[in-house]
Each structure stands twice: as C-alpha cells, then as structure tokens.
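Quick notes on the structure that follows.
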Amino acid sequence: ESRSRALRFKLRRYDALSLFTEKLNQNLSLDDTIIMLLGQTLILLGHEKTICSVYFVDSSSGEAVLQAAKSTTTEYTSVKGKDSDIFNQWALKHTQPLLVEDTVNDFRFDIKKLKSSATCPIGSLIACCLVSQNTPRGIVRLDSPFAKSFTLEDLRVLSTIADIASVAIDNARYYQYLKELAAKD
C-alpha cells in the first residue's frame, strides 16, 4: 500500500514537471520565466515556510546575486542584491546539486559564519546550478527553517527543474537580445 502511494506521488510529481516544462517553454520574458520558476518550484517542493530563490552569477565578480525570491507564506518578492552565502559559493564551486539536511550538523559548512549573516534561520536546503554552455550562470535554491525538510528525491526533482529552467532562461535572454536588436534597427 505505501509503495503504491509513493509511486502515485512520483507520477503526480512528474506530470507536474511535464506541465511546468510546457508552461516555461511558452514564456518569453525573463521576469515571467523567473516568476514561473519560483511559483512552480514551490508547488512541487515547498513545505511550510519554504523560501525559493533564484540567483544569477554576476559576470564580473563571479558571485551569485539574488534576482527574486518567493515564500510559501508570502507573495512573490523581487529582492535584488542579497549577498551570496557559503551554500551558494559551494554550489557554484562544485557545480553539483547540494542537499543540506541539517545546517547545524553539516561538517562542510561553518555554521557560526552563517548565523552572523543569515537574515532568517536555515535548517535545511537544496540548491542546483542553472547551467548554460557548461558554465554555472545561476542557482535555484529552496531553504527551510526546519532540519530534514528535503530528501534526495526532492534534490533530483530540483535538478530536473534547474535543467529545464536553464534552457528557458537562455531562451528568454536571447529573445530579449533580439528585441533590443530589432529596436535599434
């Protein structure tokens, strides 16, 4: 019984991913793409008080800069310029999906440094790079104030979302570039 329930849950998730891909591919503006990415990611993976954030890598500094964030408790917020933290730096350096089940007990990160800089407590998180032409161009990330909010399966789904979103963001940027070119002519 529990196995068939788990399978039904996975199927629903993959149906939702398929729909998400369709919707994202119809989008042309970068802002709309980001808003959809945040909303759909929270629908698929969000829990109580989860925050989904999208960062883009600044080409000159190489740092991840917050583009927008959305929480399961509040509406969409466009908060640019929040500094990158140790988790984003790790994700960009390793270009691998990151799962931190419990920030307090994860040996990879110095939690004392984090506590001084964090605006809201992070108990657990998952993050994946947005990759274009084999280069990390950004990060999509989910933070929860509670430990053990995310599983490896959640990370796999986020990784799929990041792959889909990377293509959509590239397309939106290209479309924007073409519009600017047409305006100049």
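The values are calculated or read from the model by the stated rules, or taken from the named source; none is laboratory data. Since this is a predicted model, take the numbers as computed values, not measurements. Cβ atoms come from the backbone with ideal geometry, glycine included; neighbour counts cover every protein chain shown. In case anyone asks, the SASA skips ligands and DNA or RNA and just uses the protein heavy atoms, side chains included. Shrake-Rupley method; radii C 1.70, N 1.55, O 1.52, S 1.80 Å.
Taking a probe of 1.4 Å, how large is the accessible area per residue of the chain, in Å²?
Result: 58 Å² of accessible area for each residue.
Rounded to the nearest 500, what is the chain's calculated 222 nm mean residue ellipticity when only DSSP H runs of at least 4 contribute -39500 (n - 2.57) each, over all residues?
Helices in the chain give a 222 nm mean residue ellipticity of -16500 deg cm²/dmol.
As an exercise, use a Förster radius of 25 Å and the Cβ-Cβ distance of GLN133 and ILE86 to find the FRET efficiency, rounded to the nearest 0.05.
Between GLN133 and ILE86 the formula returns 0.45.
Given just the C-alpha atoms of segment 138-178, how large is their convex hull per residue in cubic angstrom?
That works out to 61 Å³ per residue.
State the extension gain, in nm to one decimal, for the chain segment bounded by VAL167 and ILE111, taking 0.36 nm per residue of separation less the distance between their alpha-carbons.
16.8 nm
With θ set to phi - 60° and the Karplus curve 6.51 cos²θ - 1.76 cosθ + 1.60, what are the ³J(HN,Hα) couplings of segment 162-167 in order, to the nearest whole Hz, using x for Gly and Pro?
Working through the residues one at a time gives 5, 4, 5, 5, 4, 5 Hz.
Obtain the nm distance between the two label points defined at GLU22 and GLU153 by a simple spin-label model: each point lies 7 Å from its Cα along the Cα-to-C-beta direction.
2.4
So, by mean Cβ neighbours within 10 angstrom, what's the order for 93-104, 6-17 with the highest one leading?
93-104, 6-17
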